[in-house]
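These notes are about the structure you will find just below.
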Amino acid sequence: ATRRIEVPFYAPFLVVDTVGLIHDCPPELVESFKTTMRSLDDADTVIALIDASRGDMQAQLETILSYAPALDEDKLMIVFNKNDLNDLDTTHLTISAKDPQSVVELVRLIDERQTKGFIVVKGECDEDQVAQLFQESNDCVITKLIKGSDTMYCEAKIAPHRKDLMSLIVSSQAIQRS
């Protein structure tokens, strides 16, 4: 199943929930897993979600990596879920649904990858311009918005090829790469 996730002040992203990989699975399932893994070639970020409550975490990781040998390491993010059930010693991100801050950190890391190379623009704009920026959610992420008496202060990360969006924010501050 594919689902678009939108979290305010972060870049929207698509989540494709693949069927969990099974170690030593039957040959007829191997081909469907390979097809799924090939579809990941177009992804910006691939999250390998490892169940930390199970004793076979290393086997889970090895299985995922064996199905995705051609996957660019820069796009792979290994995340251990259910860290509240297992005290992990790992350099990878660990999360738990019982710790909302850990999930926020995951969203922040996804946003960081999605907006890498975007340009940060800070300045003033009016309500119509803000509405236009919100409509361009693939190329623009509003990270801060403060309503004033007749204008709004806006901070946004904008794709470098979208100079038209950058011009909507009257900038009194320097533009910088994200």
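From the list 82, 116, the lone residue that is touching a residue at least 24 places away in the same chain (Cβ under 8 Å) and over 28 Å from residue 168 (Cβ atoms) is 82.
Here is a yes/no grid of residues against (1) surrounded by fewer than 17 Cβ atoms within 10 Å (Cβ to Cβ); (2) over 23 Å from the mean Cα position of the chain (by Cα); (3) at pLDDT below 90:
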{"residue": "73", "(1), (2), (3)": "yes, no, yes"}
{"residue": "82", "(1), (2), (3)": "no, no, yes"}
{"residue": "132", "(1), (2), (3)": "yes, no, yes"}
{"residue": "160", "(1), (2), (3)": "yes, no, no"}
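Residue count for the range 134-145, restricted to those that are touching a residue at least 60 places away in the same chain (Cβ under 8 Å), farther than 13 Å from residue 6 by Cβ and either of a type outside the set (Val, Ile, Thr) or exposed (fewer than 13 other Cβ atoms within 10 Å of the Cβ) (or both): 1.
Would you confirm, using the coordinates I've provided, whether residue 28 is of a type in the set (Asp, Glu), loosely packed, with under 15 Cβ neighbours inside 10 Å and either closer than 30 Å to residue 140 by Cα or modelled with pLDDT under 75 (or both)? Reasoning before the result, please.
Values: of a type in the set (Asp, Glu): yes; loosely packed, with under 15 Cβ neighbours inside 10 Å: yes; either closer than 30 Å to residue 140 by Cα or modelled with pLDDT under 75 (or both): yes.
So residue 28 fits the description; yes.
Residue 96 meets the conditions (1) open to solvent by 40 Å² or more (accessible area, probe 1.4 Å); (2) over 15 Å from the mean Cα position of the chain (by Cα); (3) closer than 21 Å to residue 16 by Cα in every case but one. The failed one is (1). Taking the range 109-130 as the search range and keeping residues that are under 14 Å from residue 9 (Cα atoms) and among the acidic types (Asp, Glu), which one is nearest to the chain's Cα centre (by Cα)? The selected residue is 111.
The values are calculated or read from the model by the stated rules, or taken from the named source; none is laboratory data. Computed from a predicted model, the values in this text were never measured in an experiment. Glycine gets a Cβ as well: all are built from the backbone with ideal geometry, and neighbour counts include every protein chain shown. Heavy atoms of the whole protein, side chains included, go into the accessibility calculation; ligands, DNA and RNA do not. Shrake-Rupley method; radii C 1.70, N 1.55, O 1.52, S 1.80 Å.
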